[in-house]
Amino acid sequence: MRVAVIGGGVVGLCCAYELSRAGAEVSVLERGAIGGGASLGNTGWVVPSFSFPLPAPGIIGEGLRGMLRRGPLVIHPSLDLTFLRWLLGFRRSATRARWQEGVKALLVLNRRTLELFDAYAAAGVEFEMHRSGLLVVATSSEGFDSYLTIFRELGSLGYQGEIAELTADEAGALEPTLAARRLAGGVHARVDRYLRPESFTEGLARHLSAAGVDVRRQVEVSTLASANEQIRVETNEGVVEADRVVVAAGASSSPLLAQLGVRMPLVGARGYSFTFAGGNTRPSQALYLAEAKVGISSYDDCVRVAGVFELGHKSDRLDRGRVQAMLATVEPYFDGWRPGTESALLEWAGLRPMTADGLPLIGRAPSLPNAFVATGHGMLGVTLAPATAALLAPLVLEDRIVPELAPFDPGRR
């Protein structure tokens, strides 16, 4: 069976991996560079313990306040009809009951996440991965309590991973670069991991090419249509014919989703990251700074600081003022570590694909039976990519119904 995967980011490459492993003849069609979109500049977190939908009670007010104060979460007003539909759906989804249902769905999706990453490494996919967990720290009792409440609620909803509540001194002992005297406390999710996302997409691309997968760059897909029980994929390089197609193009999936009858609005949420050498006193692990809403990953040869969630923008233009403001919020958490004074190895801005209900779109397209969707993963793309691919492949290749994918049905509204 011939399968075309549209999108060469982490989700698309994982889908190609599972489909190829199951015996399909796979082509990956990427409009830019492999791993060059949202997969490039993120923290690379693999966080089953930190997987929950963005829409929750109070989130709309927080986003509007962020617009006025240049906060980490910003909702910009827009008259774009798709964004307005998205915002209405987002508001409807921001209830405690829907948030809890979303958490349960993500817990099921994540059941094999760590096992799958181990399987990739065992199969010979080369990438940088760290197993030190995720340390969440806060400088205020409000910030500490808010995330402690989230972790406790995840536990009540079925999450079984080990989560340790830490005093300020315990958090400082675990990560000595932190200013323990300024902390209110911390939470250590011990089973979580993080990887260098560029190394993962590059490793996957090499592995796929060696396995005979046709990995194509600079291929822009314009139209999908049914033709004689096949899919006709029109691109800037001509027509590609396939038996099945998987749309996994991240935030750029929207035009194709409209052709497939997907009604759930998908928008891009702009985020930023700053990658630099880090110096001799850099952090040693993955950190989440609660009040700043900033993530930090310490890799073998550099450190990445990532944050900001801007809704209402279609451009991935880099705003250096935003980057500097983000870095300034980091410094109060540390003693003697000042990332704002460092020279950048990579300054990045990108659009993360967000659905109105905060859950990805995974499954069969509503109006084209041979087409499938795997996008809308928001800030959880790395975490959810292997599980998405492992559950989608049987549906694509065998038409086998997978109950775990029901909450992520692309036909939902």
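Within region 1-14, can you find the residues that are surrounded by 24 or more Cβ atoms within 10 Å (Cβ to Cβ) and over 15 Å from the mean Cα position of the chain (by Cα)?
If the condition is that a residue be surrounded by 24 or more Cβ atoms within 10 Å (Cβ to Cβ) and over 15 Å from the mean Cα position of the chain (by Cα), then 3, 4, 5, 6 are the ones that fit.
Just give me the residues in region 359-413 being part of a helix (DSSP H, G or I), over 26 Å from residue 306 (Cα atoms) and of a type in the set (Val, Ile, Thr), in sequence order.
Within region 359-413, 396 is the sole residue that qualifies.
Here is a list of conditions, (1) touching a residue at least 60 places away in the same chain (Cβ under 8 Å); (2) in contact with a helix residue (DSSP H, G or I) (Cβ under 6 Å, 6 or more places away or on another chain); (3) of a type in the set (D, E, K, R), and residue 169 meets all of them except one; can you say which number that is?
Only one criterion in (1) touching a residue at least 60 places away in the same chain (Cβ under 8 Å); (2) in contact with a helix residue (DSSP H, G or I) (Cβ under 6 Å, 6 or more places away or on another chain); (3) of a type in the set (D, E, K, R) is unmet by residue 169, namely (1).
Here is a list of conditions, (1) assigned to a strand (DSSP E or B); (2) within 30 Å of residue 90 (Cβ to Cβ); (3) without any contact (Cβ under 8 Å) to a residue 60 or more places away in the chain, and residue 234 meets all of them except one; can you say which number that is?
Every condition holds for residue 234 apart from (2).
Kindly state which helices (runs of 4 or more DSSP H) lie completely within region 1-102 and contain at least 2 residues that are small (Gly, Ala, Ser) and at pLDDT below 90.
59-69
What pairs can you find where one residue is in region 270-288 and on the phi > 0 side of the Ramachandran plot and touching a residue at least 60 places away in the same chain (Cβ under 8 Å), the other is surrounded by fewer than 24 Cβ atoms within 10 Å (Cβ to Cβ) and assigned to a strand (DSSP E or B), and their Cβ atoms are less than 6 Å apart, with a gap of 6+ or different chains?
These pairs meet every condition: 278/303.
Against the condition without any contact (Cβ under 8 Å) to a residue 24 or more places away in the chain and either closer than 26 Å to residue 331 by Cβ or not small (Gly, Ala, Ser) (or both), how does residue 196 come out, does it pass?
Taking the combined requirement at face value, the residue does not satisfy it.
Being in a helix (DSSP H, G or I) and either at pLDDT below 95 or more than 18 Å from residue 215 (Cα to Cα) (or both) is the filter here; which residues of region 240-272 pass it?
251, 252, 253, 254, 255, 256, 257, 258, 259 - these are the residues of region 240-272 that are in a helix (DSSP H, G or I) and either at pLDDT below 95 or more than 18 Å from residue 215 (Cα to Cα) (or both).
So which residues in region 306-341 are touching a residue at least 60 places away in the same chain (Cβ under 8 Å) and either farther than 29 Å from residue 355 by Cβ or among the hydroxyl-bearing types (Ser, Thr, Tyr) (or both)?
329, 332, 333, 334, 335, 336, 337, 339 - these are the residues of region 306-341 that are touching a residue at least 60 places away in the same chain (Cβ under 8 Å) and either farther than 29 Å from residue 355 by Cβ or among the hydroxyl-bearing types (Ser, Thr, Tyr) (or both).
I need every pair where a residue in region 26-45 that is within 13 Å of residue 14 (Cα to Cα) has its Cβ under 6 Å from the Cβ of a residue that is assigned to a loop (DSSP other than H, G, I, E, B) and hydrophobic (A, V, I, L, M, F, W, C), sequence separation at least 6 or different chains.
Within 6 Å, the pairs are 26/213.
Strands (runs of 3 or more DSSP E) wholly in region 121-194 with at least 2 residues that are under 23 Å from the mean Cα position of the chain (by Cα) - which ones?
134-138, 185-189
From the list 288, 299, pick out the single residue that is crowded, with 16+ Cβ neighbours inside 10 Å, touching a helix residue (DSSP H, G or I) at 6+ places or on another chain (Cβ under 8 Å), within 19 Å of residue 193 (Cβ to Cβ) and of a type outside the set (A, V, I, L, M, F, W, C).
288
Residues that are surrounded by fewer than 20 Cβ atoms within 10 Å (Cβ to Cβ), within 19 Å of residue 173 (Cα to Cα), touching a strand residue (DSSP E or B) at 6+ places or on another chain (Cβ under 7 Å) and at pLDDT below 95: does region 307-315 have at least one?
Checking region 307-315: not a single residue is surrounded by fewer than 20 Cβ atoms within 10 Å (Cβ to Cβ), within 19 Å of residue 173 (Cα to Cα), touching a strand residue (DSSP E or B) at 6+ places or on another chain (Cβ under 7 Å) and at pLDDT below 95.
The values are calculated or read from the model by the stated rules, or taken from the named source; none is laboratory data. Every value quoted in this text rests on a predicted model; they were computed, and no experiment measured them. In this analysis, Cβ positions are derived from the backbone assuming ideal geometry, glycine residues included, and neighbour counts consider all displayed protein chains.
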